[in-house]
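One structure below.
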Amino acid sequence: MGFALPNGAHVYLASGYGPAISFTGATNAENMVITVSEADALKVGDIVHVNCNWSGVDNVIAKIDAITESAVTLRNINTTNKNKYAAGGGAGSIRKVLEWTELPQITEVSKSGGDQNTTQIQFLSDDRQRNLNTYKSAVSQTYSIAHDSTLPVYPLLRQLDEDEETVAAYMYVPKAKENRYWAATASFDDTPTTAVNEVETVSVVLNLQSPAMTFYKVTDAAA
């Protein structure tokens, strides 16, 4: 059992990508292996944004764990369920994240969505209804940041808001010794919220597009 405070955490958005590299032959494994068209620009430890015809791994953000010629292993991307991931059917592309821009001066973080929705059924012989799980609602994160129009992240946020581009994001939580990666679209409200005797803030909403977060334990040197 373990737990950690989020104090000291940093949040980053991808602000630069390498070219898309196509892949085929995604394997069914606890750490998915893909066969890439070009591996020269990749190295172990790189973070890549995956686009795949397997919806369960489309838009996941993954760390390269191993490279053997054109075979690239993506750590913690579990595709062992052959009913969900048809054997030999996984193909798409990856893009290496080249640059990150920090979302600084965060004063508040909140999360919405992810709730389990249900439908109810009752047979004639039943005295009470039964709940059946249907779907989980979409997840959004809202970040309030102290307003400073000179911050380098402002132009990036405005661009992401306008383009509605899905980009990689990650949070480094030092007390958990963990990086958490996901993909999201961004909505940016750069009109400051103003109140007497309070720091002005602006709002950034990240709408998650990846099926789930990926978690990687890190050393202090690698963070």
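The values are calculated or read from the model by the stated rules, or taken from the named source; none is laboratory data. Every value quoted in this text rests on a predicted model; they were computed, and no experiment measured them. Note that each Cβ is placed from the backbone with ideal geometry, even for glycine, and that neighbours are counted across all protein chains shown.
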Task: Any hit, the range 166-184, residues being more than 27 Å from GLU30 (Cα to Cα) and touching a strand residue (DSSP E or B) at 6+ places or on another chain (Cβ under 8 Å) - done: no
TODO: May I ask you to list the residues in the range 177-197 that are among the acidic types (Asp, Glu) and within 30 Å of TYR216 (Cα to Cα)?
DONE: GLU178
Open item on the list: Just to be sure before I move on: is LYS111 surrounded by 11 or more Cβ atoms within 10 Å (Cβ to Cβ), in the same structural domain as GLU198 (by TED's automatic domain parsing), touching a residue at least 24 places away in the same chain (Cβ under 8 Å) and over 21 Å from PRO211 (Cβ atoms) in the structure I sent?
Closed with: no
- [ ] Please specify each residue of the range 32-59 satisfying the condition of being closer than 22 Å to SER15 by Cβ and either hydrophobic (A, V, I, L, M, F, W, C) or part of a loop (DSSP other than H, G, I, E, B) (or both).
- [x] ALA41, LEU42, LYS43, GLY45, ASP46, ILE47, VAL48, VAL50, ASP58, ASN59
Open item on the list: Being among the aliphatic types (A, V, I, L, M), surrounded by 11 or more Cβ atoms within 10 Å (Cβ to Cβ) and either assigned by TED's automatic domain parsing to the domain that holds GLN159 or not in a strand (DSSP E or B) (or both) is true for just one of ALA62, ALA66, ALA29. Which residue is that?
Closed with: ALA29
Open item on the list: For TYR12, only one of the following conditions fails: (1) in contact (Cβ under 8 Å) with a residue 60 or more places away in the chain; (2) over 18 Å from LYS217 (Cβ atoms); (3) under 17 Å from the mean Cα position of the chain (by Cα). What is its number?
Closed with: (2)
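Per-residue answers, yes or no, for (1) of a type outside the set (A, V, I, L, M); (2) at pLDDT 95 or above; (3) in a helix (DSSP H, G or I); (4) closer than 23 Å to ARG95 by Cα:
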residue	(1), (2), (3), (4)
THR119	yes, yes, no, no
THR134	yes, yes, no, no
ASP148	yes, yes, no, no
ARG158	yes, yes, yes, yes
GLU162	yes, yes, yes, yes
ALA183	no, yes, no, yes
PHE188	yes, yes, no, no
THR191	yes, yes, no, no
ASN197	yes, yes, no, no
Task: Matching residues in the range 100-117 - criterion: being aromatic (Phe, Trp, Tyr) and in a loop (DSSP other than H, G, I, E, B) - done: none
